[in-house]
Amino acid sequence: MARILVACLCALPLAVLAALSFAGAWPFPDVVPSRWTASRWLEVLAGRGGLAASFGVSILISASVALLSTVLGFVTSKHVAYHRRRRLLLFLAYVPFALSPVILGVCLLYVAIQAGLSGSVAGVILAQTIFAYGFAIVLFQGLWSPRMRAFEELVHTLGGSTWQLYARVLVPLAKEMLLLCFFQTFLISWFQYGLTVLVGGGQVKTLTLKVYDYVGEANVFYAALASCLLIVPPALLLWANKRFLFKAV
Amino acid sequence: MFLEMRGISKSFGSEPVLADVSLAVEHHETVSVLGRSGSGKTTLLKIVAGLETADRGELRLDGRRIDAVPPQARGVVYLYQEPLLFPHLDVWENVAFGLRLRGVGGEELDRRVREMIASLELEDHARKRPHQLSGGQRQRVSFGRALIIQPALLLLDEPFGNLDAETRAGMQALFKRVAAAYRITSLFVTHDLKEAILMGDRFAYLKAGRLRLFGDRESFAADPEIGVMNEVRFWESLLGGKVPS
């Protein structure tokens, strides 16, 4: 009974959001909408309007950031873990988290301007990747151990190249952590607001920015729809994590 | 000589680990290197395997300088005290690992892996994962994984150190048999006196980074520093000078 109550309490805000996204009219003090409509959802599903485009851009940015930071972080973290100046390098990896988000954003905006990427999707991907990259390096530190080093040495003495080492041993052994890192960095990017606003310069409209825009316009029905869309990819990743990742551990 | 080490020295920071080590190993022989913990045994093997670089000295394998050759091109396999089986692969795939790295596949791979597994008496365990095996079985798989690629030289770093006495004795016998069957050239390091004598064709003693080579078992056993006579005296005093038959 208690479990059902807790489940209902957790599901209630999501149910309200879903109801709002299908509401044609919901005047106070009605408990449920007085009129229902699927037009906004059909608009998104048909790929029309700004929301569908924002959803696509958000997926592109977050998937790119997650892929880049996971791959680069995995390789870099190995070199950091075995480096004689490991502590210093790890400290540098922590810097993006220690800095104030505004200061970090301004620094990354400068990088994007210098690279000619400000106001572009590529610039947002670059800025968010720099932030998530540090996170990935720190996350993977737990993976590298004397035992892992011994595996690497063994593969080399058995005749394996560096590529074969990664493909046949390191990646399979780190599979769970790689998936976890992809999931976490995807979420970091998916809900990123400040960096996207600063580096995107208002021209890159991700779903998170859209939600804030609709809330600012008091457009509750579209804000609810955008929020529902915002929840879908993380929910799918969470399900995939539970289904494939934690089952394998 | 098949393996020749001349004047190998190595320091970690200001601490010398190996000092002017010279050693030669003939084709198809096993040289036992006895040494206590911290005597430089592992560093010596890692230099031969290419996993560490010597500060000074020369290393030749079959007449060819290998100092600058990367580990994957030396044909020298280094076996750790721990079997280090890949946990994501079963016994069959662990044994097949080196062949797959070399692009061997199909019937040849099947035949060679099947033969190796049979020679190690692991037929009933081919599809088991490493965590389903005993310590001795894991070490046998580790041997099979190394031997199947027919390495020029096998380096064994206290490979039976984690096994109980009975399993250890079985593994020693198995190694002797397999080493003879596959005509293996190997360098076997251990801190166990009895094991050093059992496993080697020739013998060396490493102490504080300095290596002494002995021509035969008798001179090795007779050297007071090695400790064989101490062992004999201990057992004689324990049994009152009478060794039961």
Yes/no for residue B:175 being touching a strand residue (DSSP E or B) at 6+ places or on another chain (Cβ under 9 Å) and part of a helix (DSSP H, G or I) = yes
Selection status of residue A:65, farther than 15 Å from residue A:129 by Cα and surrounded by 15 or more Cβ atoms within 10 Å (Cβ to Cβ) = no
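Residues of region B:148-200 being β-branched (Val, Ile, Thr) and more than 19 Å from residue B:95 (Cβ to Cβ), which ones?
Taking region B:148-200 and keeping what is β-branched (Val, Ile, Thr), we get B:148-149, B:167, B:178, B:184-185, B:189-190, B:197.
Of everything in region B:148-200, those that are β-branched (Val, Ile, Thr) and more than 19 Å from residue B:95 (Cβ to Cβ) turn out to be B:167, B:185, B:189, B:190, B:197.
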Those residues of region B:25-55 that are out of contact with any Lys or Arg (no Cβ under 7 Å at 6 or more places or on another chain) and of a type in the set (D, E, K, R) come to a total of 4
Answer yes or no: is there a residue in region B:130-146 that is in the same structural domain as residue B:50 (by TED's automatic domain parsing), of a type in the set (A, V, I, L, M, F, W, C) and within 19 Å of residue A:168 (Cβ to Cβ).
-> yes
What number of residues within region B:138-152 are more than 10 Å from chain A (Cβ to nearest Cβ) and not polar (S, T, N, Q)?
-> 7
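If you take the residues in region B:59-91 that are assigned to a helix (DSSP H, G or I) and touching a helix residue (DSSP H, G or I) at 6+ places or on another chain (Cβ under 6 Å), which one is farthest from the other protein chains (Cβ to nearest Cβ)? Full working, then the answer.
Our first condition is that a residue be assigned to a helix (DSSP H, G or I); within region B:59-91, this holds for B:71-73, B:91.
Now restrict to residues that are touching a helix residue (DSSP H, G or I) at 6+ places or on another chain (Cβ under 6 Å): B:71-72, B:91.
Values: B:71: 4, B:72: 5, B:91: 16 Å.
Filtering region B:59-91 for residues that are assigned to a helix (DSSP H, G or I) and touching a helix residue (DSSP H, G or I) at 6+ places or on another chain (Cβ under 6 Å), the one farthest from the other protein chains (Cβ to nearest Cβ) comes out as B:91.
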For region A:17-55, how many residues are exposed (fewer than 12 other Cβ atoms within 10 Å of the Cβ) and not in a loop (DSSP other than H, G, I, E, B)?
-> 5
Got a sec? Which helices (runs of 4 or more DSSP H) wholly within region A:70-163 have at least 2 residues that are surrounded by fewer than 14 Cβ atoms within 10 Å (Cβ to Cβ)?
-> A:86-98, A:101-114, A:146-157
Would you mind stating whether residue B:101 is without any contact (Cβ under 8 Å) to a residue 60 or more places away in the chain, within 14 Å of another protein chain (Cβ to nearest Cβ), under 25 Å from residue B:52 (Cβ atoms) and surrounded by fewer than 23 Cβ atoms within 10 Å (Cβ to Cβ)?
-> yes
How do the strands (runs of 3 or more DSSP E) wholly within region B:186-228 filter down when requiring 2 or more residues that are among the basic types (Lys, Arg): which remain?
-> B:202-207, B:210-214
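The values are calculated or read from the model by the stated rules, or taken from the named source; none is laboratory data. The structure displayed is predicted, hence computed values, not measured ones. All Cβ positions, even for glycine, are placed from backbone atoms using ideal geometry, and neighbour counts span all protein chains on display.
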